[in-house]
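These notes are about the structure you will find just below.
Please treat every number below as a calculation from the coordinates, not as lab data. What you are looking at is a predicted structure, and each value in this text was computed from that prediction instead of being measured. Quick reminder, even Gly has a Cβ in these numbers, built from the backbone with ideal geometry, and neighbours come from all protein chains shown.
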Amino acid sequence: MSGANRIAGAGRLTPAKTVRFTFDGEIYTALEGDTLASALVANGVHLMGRSFKYHRARGVLGAGAEEPNALMGIERDRARRQPNVRATVQEVFEGMKATSQNRWPSLAFDIGAVNNLMSPFFAAGFYYKTFMWPKAAWQKLYEPIIRGAAGLGVSPDEADTDHYASRYVHCDVLVIGGGVCGLSAALAAAKSGASVVICDEQAQMGGALAYENGVTLYDEAGFDWAGKTAAELAGMDNVRVLTRTTAFGYYVQNFVALSERVTDHLAEPDADLPRERLWQVRAKRVIIATGAIERHMVFANNDRPGIMLSSAARTFLNHYGVAVGTKVGVYTANDSAYETAFDLKRVGVSVEAIVDCRDNPGEGKLSTAADLGITVKTGHSVTNTKGARRITAMVVERNGGGGAKTIAVDALIMSAGWTPSVHMFSQSRGKVAWDADTQRFLPGDYAQDCVSIGACNGTEDLQASVDEAIAAGEFAAKAVGGKRAANLKIAASGGGGWSGGVAGSADGAGPDTTVKAFVDFQNDVTAKDIRLAVREGMHSIEHVKRFTTNGMASDQGKTSNIHGLAIAADALSREMPAVGLTTFRPPYTPVTFGSIVNHGRGQLFDPTRKTPMHGWAEEHGAVFEDVSQWKRAWYFPRIGEDMHAAVNRECKTVREAAGVFDASTLGKIEVVGPDAAAFLDLMYTNGWGKLKPGRCKYGIMLREDGFIYDDGVVARIAEDRFHVTTTTGGAPRVLHHMEDYLQTEFPHLDVWLTSTSEQWAVIAVQGPKAREIIEPLVEDIDLSNEAMPHMSALEGKICGVPTRLFRVSFTGEAGYEVNVPADFGRAVWEAIWERAEPLGACAYGTETMHVLRAEKGFIIVGQDTDGTVTPQDAGLSWAIAKSKPDYVGIRGLMRPDLVADDRKQLVGLKTKDANTVLEEGAQVVADPNQPIPMKMLGHVTSSYWSENCGRSIAMALVAGGRAKMGETLYVPMPDRTIEVEVTGTVFFDEKGERVNG
Amino acid sequence: MLLIHCPYCDEERPELEFRHAGEAHIERPTDIKSISDEEFMKFFFLRDNPKGVAYERWRHMHGCGRFFNAVRDTVSDKFVMTYEAGKPRPDGDELRAKSKETNQ
Ligand SMILES: [Zn+2]
């Protein structure tokens, strides 16, 4: 048995195909093809959730994407659970676990419901007002409570084990919506030769045909025609049919994002299938066929479980074979609800009364009702309802009051009319226009190559809609160059209209009342709240929306926006368009992060760059650190060593024997051409013309404003060829910066720039034994001090492979940087290591590199500089060529602020207690006893324990620092104040003799 | 995601291949060393940031690598046209003709 409310012979599901699922721990049986909502209603369960603010009992309102109430947690296992799933969209599968939300400890007994009794305190805007005072209470009291109460559902607490996919598609025509219009348009376009993608959010194509059982196309039942047409389309080579696929975002140039739910309906999905697939569609033309969404009636207590849209009740009956009740009341301002009432009555469900607030229903409705024996009360309204966890009765009064009668019902279906679904049109930046005749917003001015058809375009008659769809499909195909004309004709009959109805509060819920007539169910916004917002001075719908949160829930006001607007307009005595309609923004319905992130997780989140020697470092126990996208060996701990011990040992070893360091991540740019030196003269502060081939020099690159942008060693390989190195993270932006100037400011220079960062592996061998280590391996290069002094760069061979051998030092020791083609990197490294190890050298990592360079006062751009530091500030004035007529930054450096005396300058700091290591980023002050906030002189940029110096060392940017040599300054910390002495930045080998080895 | 026409590749390519590079038609003074503070401020710091038609530089970063200029409407986000670096700023007539073309 798949539920007591299943009607034999009704609906399209197969009675024999049952599936079992749980809802809040109870086991239920459903039919294959059920949504969670239809399955629960079939089992007589209407109480499906609690509302967000008042925790009122709520049932299902709709049967599709518009659902504001029936939001569930859906779980396969601990890692795969998702909150806020609309029960009307989620298909049931065997073993599914569904959980209601916003209730504690249980759905039936919910402590938060006390909010409902306290509702006078929770009026619109209460967040902004109630919690204003006292200020101190905000952080400690109000915010935790609000945060605890806010948020729908429970997030999973484990990483999602599903995977998600992404596809790009280019097509001639994208059709959004697979109802009668979408299918007709797609068929017309496809038969005219266009490549077509058609998508629909439902499991099957058909749209409203799922419940509109009076529609025939080619003398065929509407939904059957839809199935056949979808199959015909799917069989065509030029068409892609996507079901369970929501077009959620319409961006510029007809770029539309679709989210396909691939496995959410399957009990045991194939592990190879993605859970969802993001389709990024670029369409030459878009046809919007998104239909219309029914509105509820706004009256007192219109939110009890069992009260729902007439289209929902009709869908549950005609598609799922489920009756929403046994004694059904109808409240309408529109003809559509009559059709639902008639369908229910015809299958034997008692319809207690049709309450129509209009005096004159549409043609034939009264007579059909009479034939079926249904009482119709025209000119009446439902003014209240009764029942705790489900509606038990409706109170019916004459319009204007009087003659109140209570009618027992267990379901109440309602229709205030239909709102054309202009979301996609509005997202495309089209401007909606107010249609005064039908009191609706319809597509007005288009901003992109798209067209709206059918109900979302305000077209009433079925045949007219189908004709419009075919014309749109054929036009789109022609516009993209289609040569054939399909000349399609589809004969259509039946179906109700989409116009008529009311917007705003119903009789008995007007301005003179204080009843709770809900406009926005999910955010618990009532008609009264909107009027309050207007009274408090919100005169634009954008303000009303933010003050009341109307339309700001996850359903984005699909059922509530028009009501809210009408009530605000009424309170302001203005026309609806004068109050405005809020712009619709993506996503149309909530989209999972998985879908958006899709492949970009784990290893694919961000590329990991590894040097050619990475494997060697791994095998030798390196601990790695991330430096931009690179993995760099941080230190090489030996057994029993912590980081501190390892770094101390590495630092000592390099200065006493030697060390080998992987410097491959250095950025490298090959600058080639007859004007290469002239170009570098413009890009760097230094002069390059006199640099001889085979020599290299430290260069500083500025931005036009005079601040340091990058630095690095530049070698002249030949007259017209330079090997430029950049900081590890700086290579792409430095190349971009160089290209920019070369292409746009100095295009007369004959120069080519090539990134060679990954083409060279770089092995730094540093220390007193550096030469001894590499000498036997090197061919064609004389390593003697005379032939190859400090700051040389010569080409030759090492281990039989070509090398650019640099004699440079970032440690202050004599040393080399061996550049070899990347593929030889590891082999050469191993050959060097084979010689280095027996000589007492070590492999060292980036931490030791940092300490050693700090001992020598060498800066790291981005650590000791921050984009506001000039070469003078950094103590690098010597690197500025005085006689050059121009270079980037030359004028910036002359700015008054940049030549001022009190600028922050890079200095050394020595703590008075040699064992105290400062924290990088700590502030420096002159007087630690001054009142807070203190005057800060600058901050610590680099700080380390130096085993070689036997004390802590630090560099800092300090205002007027170089004039403060020998002075005592202070570094206030939370628990103490540290006394420091201002010093020079070189802590080791001040005379710099060691580099000459 | 925008499609951007690279005037060098003569291809419409996705935005991801491009990088914005600030306002166009700002020329670095040839004798920059001798300009006044005022002139330097105008050259380096002040930008138009108009609502409506903006002249911008873009680079086909992950394509040909060339910098080029573009006219874009900052309200609609639409590219009216793109053109090679060094070409003069397109005039009103040219823009009107182009924007008609793109609106069709
Ligand atoms: Zn290009």
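Among A:423, A:644, which comes first, second and so on when ranked by fewest other beta-carbon atoms within 10 Å?
In increasing order of surrounding Cβ atoms, one gets A:644, A:423.
Placing +1 at every Lys and Arg Cβ and -1 at every Asp and Glu Cβ, with all other atoms neutral, what dipole size does the range A:900-997 have around its Cα centre, in debye to the nearest 20? Please list the in-between numbers first.
Values: 11 positive and 14 negative charges, 34 e Å.
The dipole magnitude comes to about 160 debye.
Where does the range A:819-869 land on Rg(C-alpha)/(2.2 N^0.38 Å)?
1.59
Can you run phi through the Karplus equation (6.51, -1.76, 1.60; θ = phi - 60°) for the range A:316-329 and list ³J(HN,Hα) in whole Hz, with x for Gly and Pro?
4, 6, 7, 9, 9, x, 10, 8, 7, x, 10, 10, 9, x
Using R₀ = 45 Å, calculate the FRET efficiency as 1/(1 + (r/R₀)^6) where r is the Cβ-Cβ separation of residue B:94 and residue A:159; round to 0.05.
Efficiency computed from Cβ-Cβ geometry: 0.25.
On C-alpha positions alone, give me the angle between the axis of helix A:561-571 and the longest principal axis of chain A, in degrees, nearest 10.
The answer is roughly 70 degrees.
For the range A:259-273, in order, what is each residue's ³J(HN,Hα) by Karplus, 6.51 cos²θ - 1.76 cosθ + 1.60 with θ = phi - 60°, in whole Hz (x at glycine and Pro)?
10, 9, 8, 7, 10, 4, 9, 9, 5, 10, x, 4, 4, 7, 7
When all C-alpha to C-alpha distances in the range A:597-722 are sorted into bins of 10 Å, what percent of pairs does each bin hold, rounded to whole numbers?
10, 26, 25, 26, 11, 1
Pop a pseudo-label 7 angstrom from the Cα along the beta-carbon direction at both residue A:370 and residue B:36 and give the gap in nm to one decimal.
For the pair residue A:370/residue B:36, the computed spacing is 9.3 nm.
Need one number for the range A:458-550: average projected area of the convex hull over its C-alpha atoms, nm².
Result: a mean projected hull area of 10.1 nm².
May I ask you to compute the full-extension gain from residue A:656 to residue A:823, defined as 0.36 nm times their residue separation minus their alpha-carbon distance, rounded to one decimal in nm?
Length difference between fully extended and current span is 57.0 nm.
What percent of all Cα-Cα pairs in the range A:171-284 falls in each 10 Å bin, counting up from 0?
Percent of pairs per bin, in order: 15, 41, 34, 10, 0.
Using Cα pairs under 8 angstrom and six or more residues apart, how large is the relative contact order of chain A, in percent?
Values: 2391 pairs, mean separation 89.3, N = 997.
Reported as a whole number, the value is 9 percent.
Starting from the exponent 0.38 and prefactor 2.2 Å, build the expected Rg for the protein assembly as shown from its residue count and divide its actual Cα Rg by it.
1.17
Can you tell me the alpha carbon radius of gyration of chain B divided by the globular rule-of-thumb value 2.2 N^0.38 Å? Present the calculation step by step, with values, prior to reporting the outcome.
Values: Rg = 14.9 Å, N = 104, 2.2 N^0.38 = 12.8 Å.
Rounded to two decimals, the normalised Rg is 1.16.
Identify the GluC sites (Glu not before Pro) of the range A:291-391 meeting these criteria: DSSP loop state and at most 12 other C-beta atoms within 10 Å of the C-beta. Show your work: numbers first, answer last.
Details: sites: A:294, A:339, A:352, A:363; in loops: A:363.
For GluC sites (Glu not before Pro) across the range A:291-391 that sit outside H, G, I, E and B with at most 12 neighbouring Cβ atoms in 10 Å, the list reads A:363.
Compute from the Cα atoms of the range A:753-821 the Rg and the Dmax, the latter being the longest Cα-Cα distance, and quote both in angstrom.
11.6, 36
How far is helix B:92-103 tilted off the main Cα axis of chain B, in degrees rounded to 10, range 0 to 90?
Helix B:92-103 sits at roughly 30 degrees to that axis.
Based on other C-beta atoms within 10 Å, arrange B:48, A:335, A:467 from fewest to most.
Values: B:48 9, A:335 23, A:467 19.
Listing B:48, A:335, A:467 from fewest to most nearby Cβ atoms yields B:48, A:467, A:335.
Which listed residue (B:25, A:98, A:805) has the Cα farthest towards the positive end of the charge dipole for the protein assembly as shown, taking +1 on Lys and Arg C-beta and -1 on Asp and Glu C-beta about the Cα centre?
Positive-end residue among those listed: A:98.
Return A:965, A:297 ranked ascending by Cβ neighbour count within 10 Å, so the fewest neighbours appear first.
Values: A:965 12, A:297 30.
Least to most surrounded, the residues fall as A:965, A:297.
Output the pairs from A:191/A:478; A:327/A:405; A:631/A:910 with a Cα-Cα distance over 21 Å in this structure; if there are none, say none.
Listed pairs above 21 Å: A:631/A:910.
Suppose only helical runs count, i.e. DSSP H with n ≥ 4. What mean residue ellipticity at 222 nm does that imply for chain A under -39500 (n - 2.57) per run, divided by all residues and rounded to the nearest 500 deg cm²/dmol?
So the helix-based figure for chain A works out to -5500 deg cm²/dmol.
Give me the lysines in straight-line cross-link reach of residue B:51: C-alpha distance below 26 Å, same-chain residues under 8 apart excluded.
Leaving aside lysines fewer than 8 places away in the same chain, those within reach of residue B:51 are A:431, B:42, B:78, B:87, B:98, B:100.
Of A:815, A:793, A:846, which is farthest on the positive side of the dipole of the range A:782-847, counting Cα position, with +1 on Lys and Arg Cβ, -1 on Asp and Glu Cβ, and the Cα centre as origin?
A:793
If you stretched the chain out fully between residue A:218 and residue A:882, how much longer would it get, using 0.36 nm times the residue separation minus the C-alpha to C-alpha distance?
230.2 nm
Run the dipole for chain A about the Cα centre, Lys and Arg Cβ at +1, Asp and Glu Cβ at -1, nothing else charged, and hand back the magnitude in debye, nearest 20. Before the final figure, lay out each step's value.
Working: 102 positive and 120 negative charges, 441 e Å.
Here chain A has a charge dipole of around 2120 debye.
If I model a spin label as a point 7 Å beyond the Cα along the Cα-Cβ vector, how far apart are those points for residue B:49 and residue A:8 in nm?
7.4
Between residue A:834 and residue A:573, what is the label-to-label distance in nm when each label sits 7 Å out along the Cα-to-Cβ direction?
Modelled inter-label distance: 9.8 nm.
In whole angstrom, and with the biggest value first, how far do the Cα coordinates of the range A:776-874 range along each principal axis?
46, 27, 26
Hey, for a label at residue A:976 modelled as a point 7 Å past Cα toward Cβ, could you say which residues of the range A:916-954 have their backbone N under 15 Å away?
Counting backbone N atoms under 15 Å from the label point, the list is A:916-919, A:952.
What is the set of long-range amide H partners of residue A:23 at a cut-off below 5 Å, with H atoms built 1.01 Å from backbone N?
Excluding prolines and chain starts, which carry no amide H, the hits are A:28, A:98.
Given the pairs A:692/A:797; A:690/B:33; A:97/A:545; A:53/A:528, which span a C-alpha to C-alpha distance of over 27 angstrom in this model?
A:97/A:545
Could you give the dipole magnitude of the range A:503-579 about its Cα centre, charging the beta-carbon of Lys and Arg +1 and that of Asp and Glu -1, in debye to the nearest 20?
The dipole magnitude comes to about 120 debye.
In whole Å, largest first, what are the principal axis extents of the Cα atoms in the range A:528-589?
Extents along the principal axes: 32, 20, 16 Å.
Hey, could you get me the Stokes-Einstein D for the range A:381-426, Kirkwood radius over alpha-carbon pairs, 37 °C and 0.692 mPa s, rounded to whole µm² s⁻¹?
Estimated diffusion coefficient is 258 µm²/s.
If the convex hull of the alpha-carbon atoms of the range A:900-997 is projected onto planes in all directions, what is the mean projected area in square nanometres?
Quarter of the Cα hull surface area: 7.2 nm².
Just subtract the alpha-carbon distance of residue A:618 and residue A:593 from 0.36 nm times their residue separation and send over the number in nm, one decimal.
5.6 nm
Using a Förster radius of 25 Å, what is the FRET efficiency between residue A:932 and residue A:968 based on their Cβ-Cβ separation? Nearest 0.05, please.
For residue A:932 and residue A:968, the calculated efficiency is 0.80.
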